[in-house]
Amino acid sequence: MRELRGRDLLLVGFTLFSMFFGAGNLIFPPFLGAEAGTSAWPAFFGFAASAIGFPILGVIAVARSGGLQTLAGRVHPRFAAVFTLLIYLSIGPCLAIPRTASTSFQMAVAPFAGEGAALQAAYSAVFFAAALLLALKPEKLTDRLGRILCPCLLLLIAAVFIGCVAFPVTAHYGAVQQAYAALPPVKGFLYGYQTMDAIAALNFGAVIALNIRARGVEDERSVVRGTIRAGWIAGAVLLIVYAMLTHVGALSGAAFPGGKTGTDTLTRLVSALFGGPGSVLLAAIFVIACLNTCVGLISCVSEYFHGLLPRVPYKGWAAFFAAVSMVVSNIGLEGIIRLSTPVLNAIYPAALVLILLSFAPRLGAYRLVYPLTVGLACAQSVVEALAQSGLRLPLLADAFDRRPVAAHGRGWAAPARAGLALGLVLARKTEKA
């Protein structure tokens, strides 16, 4: 019985890292470092928990449970259908895929040629055409992403970090900005939502399993073990890269304060270190990272919808999502991030709760635990997301706002704990009856 080991395991781990590490993963850690300043590392630990810990646990949870549909089905079959669809649309054409093109355009083209709408449209057409060509054979992603593009990306990021260490633009981190003044780990944790990796992790397993089977591993248990091991490798690489980018951002924020995004933070630092060639270096980093993630996301979403509606071939779905994402990407990076915040705050808690519950397998025997725990967490997160969008439900919002953690964006935790306790109590009463 063949197992995934050695070089093959490393390549699949690099492939999973490449699928995770895209637009948000590049821009959010440096901006966290710049904003958190001297509190960068406490904030980083919170960020790592939600942007690394939960994604890797998500890969493991889905691999062990047999798929996202099965895991979410423990709540209710209808919830599984709706939640899974929302997840795929979020990481697909609505948010994550378009963001890869918007970010890479802003970093690879705009600094050299400006930000005209026609130019952005032309760039997005070329970008998604290239991504579509790579995504047409999802079983080949390990050869294309893990073997070639991922090592190139890591070398380029290492070059920026080494330059920053060898020739630091300042000797210290900057001042803590207001957003990180009170609870930097909590702010970092919430900021990790923006990477979308915890929800993306719930879907990457299918494509990773496809690549593992393409390397000769056929036994289902071996495929699951290989997926989990690849997840640990991807998590370790993410931790190292995020730490490097946070340090880079903290120095950049001190030397060049006032940046509005992570792209500003990186651009100013790389320009100071490498001059004109630095812009080319940064452009290459963003294009490779964003292309890697775009290819992985198109593959995952297309596989899902092909399974949902098999009459449409996989390649047809891939072409459709590439075209839709190309259109959405032209609203610009700031617009996509602004749109993504309430959406992610609405669906992320449900994903986190599902992942956590999956590691207590005995809870699945209690029929009401999953519906009550996930349901109450969802209720709070949806109310909060609606309030962020300007639609406030007075009675529910007031009830949630009275809790101390609500102001820090962790309001879903208390309802989830209440749902867990209530589910266990009701289950025991049912057993006694």
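On full extension of the chain, what length is gained from Ile240 through Phe161, given 0.36 nm per residue of separation minus the C-alpha to C-alpha distance? Could you put the intermediate results ahead of the total?
Details: separation 79, 0.36 × 79 = 28.44 nm, distance 1.11 nm.
Result: 27.3 nm gained on full extension.
Loop sites only, by DSSP: take the GluC sites (Glu not before Pro) in the chain that have at most 13 other C-beta atoms within 10 Å and name the longest stretch containing none of them.
Free of exposed loop sites, the longest segment is 219-433.
With each label point set 7 Å from Cα along the Cα-Cβ vector, what nm distance links Ala122 and Ala49?
Distance between label points: 4.8 nm.
Just to be sure I follow the definition: excluding the sites themselves, where is the longest run in the chain that has none of the trypsin sites (Lys or Arg not before Pro) in a DSSP loop with at most 11 other Cβ atoms within 10 Å?
Details: sites that count: Arg5, Lys260, Arg311, Arg402.
Result, exposed sites excluded: 6-259.
Assuming R0 = 25 Å, can you tell me the calculated FRET efficiency for the pair Ala181 and Ser271, based on Cβ-Cβ distance, to the nearest 0.05? The partial results should precede the final answer.
Details: r = 29 Å, r/R0 = 1.15.
Using R0 = 25 Å, I get an efficiency of 0.30.
Using just the helices of the chain, give the 222 nm mean residue ellipticity in deg cm²/dmol: DSSP H runs with n ≥ 4 each add -39,500 (n - 2.57), and the total is spread over all residues, rounded to 500. Intermediate results must be reported in sequence, preceding the final value.
Details: 20 runs with 318 residues, N = 433.
Value at 222 nm, helices only: -24500 deg cm²/dmol.
Which residues in the stretch 101-133 have a backbone N closer than 16 Å to a point placed 7 Å from the Cα of Lys315 along the Cα-to-Cβ line?
129-133
For the stretch 174-207, which chymotrypsin sites (Phe, Trp or Tyr not before Pro) pass both filters: DSSP loop (anything but H, G, I, E, B) and at most 14 other C-beta atoms within 10 Å?
On the way: sites: Tyr180, Phe189, Tyr191, Tyr193, Phe204; in loops: none.
When the chymotrypsin sites (Phe, Trp or Tyr not before Pro) of the stretch 174-207 are filtered for loop state and at most 14 Cβ neighbours within 10 Å, nothing remains.
Residues with beta-carbon under 12 Å from that of Leu57, excluding Leu57: net charge, scoring Lys, Arg +1 and Asp, Glu -1? If you can, show how the numbers build up before the last one.
Values: positive: Arg64; negative: Asp197.
Its environment carries a net charge of 0.
Estimate the FRET efficiency between Leu426 and Arg5 by the formula 1/(1 + (r/R0)^6), using the beta-carbon distance for r and 56 Å for R0, to the nearest 0.05. Intermediate results must be reported in sequence, preceding the final value.
Values: r = 46 Å, r/R0 = 0.82.
Result of the calculation: an efficiency of 0.75.
Please calculate the 1.4 Å probe accessible area of Met326, with all protein chains present, and give it to the nearest 10 Å².
Probe radius 1.4 Å; accessible area of Met326 about 60 Å².
Equivalent ellipsoid semi-axes for the stretch 271-377, as square roots of 5 times the alpha carbon gyration tensor eigenvalues: give them largest first, rounded to whole Å. Walk me through the numbers on the way to the answer.
Values: eigenvalues 254, 102, 43 Å².
Square roots of five times the eigenvalues give 36, 23, 15 Å.
Work out, step by step, the length gained on full extension between His76 and Val324: first 0.36 nm times the residue separation, then minus their alpha carbon distance; give nm to one decimal.
Values: separation 248, 0.36 × 248 = 89.28 nm, distance 3.04 nm.
Result for the pair: 86.2 nm of gain on full extension.
The values are calculated or read from the model by the stated rules, or taken from the named source; none is laboratory data. Remember, it's a predicted structure, so these values are computed and weren't measured experimentally. Cβ coordinates were reconstructed from backbone atoms using ideal geometry, including for glycine residues, and neighbour counts include every protein chain displayed. Calculation scope for accessible area: heavy atoms of the full protein, side chains included, ligands and nucleic acids excluded. Shrake-Rupley method; radii C 1.70, N 1.55, O 1.52, S 1.80 Å.
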